[in-house]
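Chemist: Below are the structure tokens for one structure; questions will follow.
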Amino acid sequence: RVHGIFRSECLARIVLVIAARFESLLPAKNMIGTPNGMRIHEFVVKCDEIMEDLRIVHDDVSLVFPPQYDIFDFCCRHYHAEMFARLSQIARESLQDNVPFEEILGLQSYLPRYYLIFDEFEAAHPEPDVHENVNILMQSFIRQVQKKLKEWCERIHESELTATPTLESTGLRTDAHVNLFKMMHQQLDLAMTNNLPLVYVKQLVEVCREELIRFASNQIERLSKRWSDLSLEVLVTTINNSSLSEQKFIAEFLDDIKTYLSNASKEEEINFDDVELSFHEIAKTGLEGILNSMFKDIEKLVGELYTPKWLEGSTTMLDITATFDSYFKDLYEILENFYVLKAIKECADRLVATLLFRFFQSNLPIKPNFHDRYMADIAQIEKMFLLNSFTERKLEAHMLVLKGLGKLLRTLDLRSFLPDFIVFASSFPSCSMEILKYIMKNFVPQLDKKSQKELLDECEQVVEKFKHEAPTQQTSAEKSAQGFLNKVFPPAPTKEMQEIEKANESANKKTKPEKVQKKKGKNTEKEEYSQTSKKSENDFEGIPVLSGADLFGESLPKLE
């Protein structure tokens, strides 16, 4: 009994000594994360010093204690309890992100070393496991990295507006995206240097991916809303920088990630497709800003088209093409060649739509000289695009629809215009369908609204076929387009069909005279419409003087 009391007193004194030892070297009030708290290097040095106490206990102190005291295991448990208490305190501070991420990384690197003293003497690892606090600490680390990345990305985002670009062989550039991906590589280097567990590396990679997408989204929003406030140089620089990121920087960063995660399961894939898509969208939005600027500059000139002044021989179209020429010349010097050609292609798309809408809204009477004046403008447009490396093959659809409209002006035969328009619409935005709706409404009055809607739906399907089929494989699309046109403009019945129809009418007269009579009237109407839709190009005599508004209606939307 006396021995038991003595043993309890002795062990209680040892517990107090251990607590005092920890408080003297690792005081709670100066723990990492507290105001004026110690730094990680100081913490690690003192932890190593404290853990050396266990070596002394094992080699010397245990020799003077009876075996039943199991003094080494006793000291291991209580040293660990004190250490766990301090790590838990640090973890609680990290919940408020009071522990700098450098300290967290240092602590995370130290913890595997902490257990070496136990392994050296083949002692069991005391409970609870200190790694229970690691996840709390590492989540704080991830949060802090994300916060820092967000701040740095915002600075880089703003710097692209004010930095002076340099003219390289591939166009104007700044260091904005170079610094952006340099920053991302630094996070990966940080993980490699500190041997972070794979689970946290993946979380870090995900944070980098999210911040890259956020950066791209901010760029896109700025370009789409503020394009009119941005200079041509800023728009061009943004496109060039984003293109380089899409083609090079993202792939290099992804390769580094895959190299670092080479020990991960082969089934796991790191996918950055959405990042590439986001940076491609930056360039696309920047290009739209350039086109918006170009068309804003010619807005007044477009308003002068198809007016009495234009009909008398103004230089309006010459001024429009000169404006585009000036833009294209500048773009060839400062923008990546790929995007210059893309800008010219989209400029051609938008110019065709602009001219069509302008014509549809005009009130200028369509007289014989209107056609000649119009075709002279089209020749000027074609020349301008061909001089700027837009090949005849690429320009073919645009010229088809513009020249098709020229035929329509000369013959008032919609059938000569629609086939070319359908080809053009297959590669053009939805405004093509809006144009077609107005054409259908004004040119096919014999159809009721339901029939018009059905035909428009069918036309949209035809357009979709042209979109998705290769040029060499558009047989089915062409057949669909022809079927669509036959419904809009029923072809005149052949001689054989007329004989069959005549025989059927004779057979049905005896039983259903009234119904047959109605059917006959309907066929006659179709034949008359078919005959009037086959005017020759040279048959201009007798055509009434009409205007674009007369032909296509006055309620067309303004082109934005």
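Chemist: Say whether the condition of being among the aliphatic types (A, V, I, L, M), under 52 Å from the mean Cα position of the chain (by Cα) and assigned to a loop (DSSP other than H, G, I, E, B) is met by at least one residue in the stretch 109-117. Break it down stepwise before answering.
Modeler: The first filter runs over the stretch 109-117 and keeps only residues among the aliphatic types (A, V, I, L, M), leaving 111, 116-117.
Still in the running and under 52 Å from the mean Cα position of the chain (by Cα): 111, 116.
Right, trim to assigned to a loop (DSSP other than H, G, I, E, B) and you get none.
No, that holds for no residue.
Chemist: Condition (residue is modelled with pLDDT under 90, part of a strand (DSSP E or B), touching a strand residue (DSSP E or B) at 6+ places or on another chain (Cβ under 6 Å) and over 18 Å from residue 387 (Cα atoms)) applied to the stretch 349-370: is it met by at least one residue? Full working, then the answer.
Modeler: If we filter the stretch 349-370 for residues that are modelled with pLDDT under 90, which is where we start, we get 349-370.
Next, from what is left, pick out any that are part of a strand (DSSP E or B): 365-366.
Now drop any that are not touching a strand residue (DSSP E or B) at 6+ places or on another chain (Cβ under 6 Å), which leaves 365-366.
Now drop any that are not over 18 Å from residue 387 (Cα atoms), which leaves 365-366.
Yes: one or more hits.
Chemist: Do you know which residues across the stretch 72-131 are surrounded by fewer than 18 Cβ atoms within 10 Å (Cβ to Cβ) and of a type in the set (Lys, Arg)?
Modeler: 77, 92, 113
Chemist: Anything in the stretch 315-339 that is assigned to a helix (DSSP H, G or I) and polar (S, T, N, Q)? List them, or say none. Show your work before the answer.
Modeler: Of all residues in the stretch 315-339, those assigned to a helix (DSSP H, G or I) come to 316-334, 337-339.
If the condition is that a residue be assigned to a helix (DSSP H, G or I) and polar (S, T, N, Q), then 316, 321, 323, 326, 337 are the ones that fit.
Chemist: Could you pull out the residue among 198, 167, 188, 180 that is under 10 Å from residue 237 (Cα atoms) and not charged (D, E, K, R)? Give the derivation first.
Modeler: Numbers: 198 fails: under 10 Å from residue 237 (Cα atoms); 188 fails: under 10 Å from residue 237 (Cα atoms); 180 fails: under 10 Å from residue 237 (Cα atoms).
Among 198, 167, 188, 180, only 167 is under 10 Å from residue 237 (Cα atoms) and not charged (D, E, K, R).
Chemist: Which condition does residue 181 not pass, out of (1) at pLDDT 90 or above; (2) in contact with a Leu (Cβ under 6 Å, 6 or more places away or on another chain), if it passes all the others?
Modeler: It is condition (2) that residue 181 fails.
Chemist: Suppose we keep only residues that are under 21 Å from residue 399 (Cα atoms) and out of contact with any helix residue (DSSP H, G or I) (no Cβ under 8 Å at 6 or more places or on another chain) within the stretch 311-350. Which one would you say is most open to solvent (accessible area, probe 1.4 Å)?
Modeler: The qualifying residue most open to solvent (accessible area, probe 1.4 Å) is 315.
Chemist: Next question. With the requirement that a residue be assigned to a loop (DSSP other than H, G, I, E, B) and either aromatic (Phe, Trp, Tyr) or in contact with a helix residue (DSSP H, G or I) (Cβ under 6 Å, 6 or more places away or on another chain) (or both), what does the stretch 24-40 give you? Even if it seems obvious, please write down each step before you answer.
Modeler: Here is the first cut: in the stretch 24-40, the ones assigned to a loop (DSSP other than H, G, I, E, B) are 26-27, 31-39.
26, 31, 32, 33, 37, 38 - these are the residues of the stretch 24-40 that are assigned to a loop (DSSP other than H, G, I, E, B) and either aromatic (Phe, Trp, Tyr) or in contact with a helix residue (DSSP H, G or I) (Cβ under 6 Å, 6 or more places away or on another chain) (or both).
Chemist: Before we move on, is residue 158 open to solvent by 70 Å² or more (accessible area, probe 1.4 Å), in a helix (DSSP H, G or I) and under 19 Å from residue 219 (Cβ atoms)?
Modeler: Values: open to solvent by 70 Å² or more (accessible area, probe 1.4 Å): yes; in a helix (DSSP H, G or I): yes; under 19 Å from residue 219 (Cβ atoms): yes.
Taking the combined requirement at face value, the residue satisfies it.
Chemist: Going through the stretch 49-71 one residue at a time, which ones are under 60 Å from the mean Cα position of the chain (by Cα) and open to solvent by 70 Å² or more (accessible area, probe 1.4 Å)?
Modeler: 49, 52
Chemist: Being of a type in the set (S, T, N, Q), in a helix (DSSP H, G or I) and more than 16 Å from residue 168 (Cα to Cα) is the filter here; which residues of the stretch 226-249 pass it?
Modeler: Just the residues of the stretch 226-249 that are of a type in the set (S, T, N, Q), to begin with: 228, 231, 237-238, 240-243, 245, 247.
Of the ones still in play, those that are also in a helix (DSSP H, G or I) are 228, 237-238, 240-243, 245, 247.
Scanning the stretch 226-249 gives 228, 247.
Chemist: A follow-up question, please. If you scan the stretch 7-48, which residues turn out to be of a type in the set (Val, Ile, Thr) and surrounded by 15 or more Cβ atoms within 10 Å (Cβ to Cβ)? First the steps, then the outcome.
Modeler: Step one: list which residues in the stretch 7-48 are of a type in the set (Val, Ile, Thr), which gives 14-15, 17-18, 32, 34, 40, 44-45.
Those that are of a type in the set (Val, Ile, Thr) and surrounded by 15 or more Cβ atoms within 10 Å (Cβ to Cβ): 14, 15, 18, 32, 34, 40, 44.
Chemist: Give the residues of the stretch 229-245 that are farther than 17 Å from residue 343 by Cβ and either free of Cβ contacts under 8 Å to residues at least 12 places away in the same chain or open to solvent by 30 Å² or more (accessible area, probe 1.4 Å) (or both), sorted by residue number. Quick ask: steps written out before the conclusion?
Modeler: Within the stretch 229-245, the first condition is being farther than 17 Å from residue 343 by Cβ, and the residues that meet it are 229, 244-245.
Within the stretch 229-245, 229, 244 meet the criteria.
The values are calculated or read from the model by the stated rules, or taken from the named source; none is laboratory data. Model, not experiment: these values are computed from the prediction. A quick note on method: Cβ atoms are made from the backbone with ideal geometry, for glycine too, and the neighbour counts reach across all protein chains shown. Note: accessible area is taken over every heavy atom of the protein model, side chains too, but ligands, DNA and RNA are not part of it. Shrake-Rupley method; radii C 1.70, N 1.55, O 1.52, S 1.80 Å.
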